Amino acid sequence: MDDVTLFSQQAIDDIRQNQAEWEGGALAATLKSRPEEKQTYETESGIPLKRIYTAADIADIPASELGFPGAIPSRGACTRPCIAAGPGPSGRSPASAIPKRRTNDTNI
């Protein structure tokens, strides 16, 4: 499965062309009237982030090396599942999602 590609070279070329047109057109117009707050954005680990990610960004990764969120990655040095902790569907963090029990509350 290492030689399986997810997209044809023509599809990747088309995506890159469309992205270049978007950056020079709609994005440029938006940034002209409303610039971004920062020059660059990065993760907490200092890894720079792109403005947009497309299929072209994973075109050179063999299909067998692509994983799913929460699964043990097949690339890199991580040896345990990657688990994201953050706000849940309610918008509250996991710790605050559980109501605190009051001592005078007998109906809980």
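So here's what we get for this one:
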{"item": "Scan of the stretch 4-46 for residues that are of a type in the set (Gly, Ala, Ser), surrounded by fewer than 10 Cβ atoms within 10 Å (Cβ to Cβ) and not in a loop (DSSP other than H, G, I, E, B), ordered by number", "result": "Ser33"}
{"item": "Given (1) out of contact with any strand residue (DSSP E or B) (no Cβ under 9 Å at 6 or more places or on another chain); (2) at pLDDT 80 or above, index of the condition Ile72 fails", "result": "(2)"}
{"item": "Test: residue in the stretch 48-55 that is open to solvent by less than 70 Å² (accessible area, probe 1.4 Å) and assigned to a loop (DSSP other than H, G, I, E, B)", "result": "yes"}
{"item": "Unmet criterion (only one of (1) more than 20 Å from the chain's Cα centre (by Cα); (2) at pLDDT below 80) for Cys82", "result": "(1)"}
{"item": "Criterion violated by Ser64 - all others in (1) within 28 Å of Thr5 (Cβ to Cβ); (2) at pLDDT 80 or above; (3) part of a helix (DSSP H, G or I) satisfied", "result": "(2)"}
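The values are calculated or read from the model by the stated rules, or taken from the named source; none is laboratory data. This structure is a prediction, so every number in the text was calculated from the model and none was measured. For neighbour counting, all protein chains shown are included, and Cβ atoms are generated from backbone atoms with ideal geometry for every residue, glycine included. These accessible areas exclude ligands, DNA and RNA; they are computed on the full protein's heavy atoms, side chains included. Shrake-Rupley method; radii C 1.70, N 1.55, O 1.52, S 1.80 Å.
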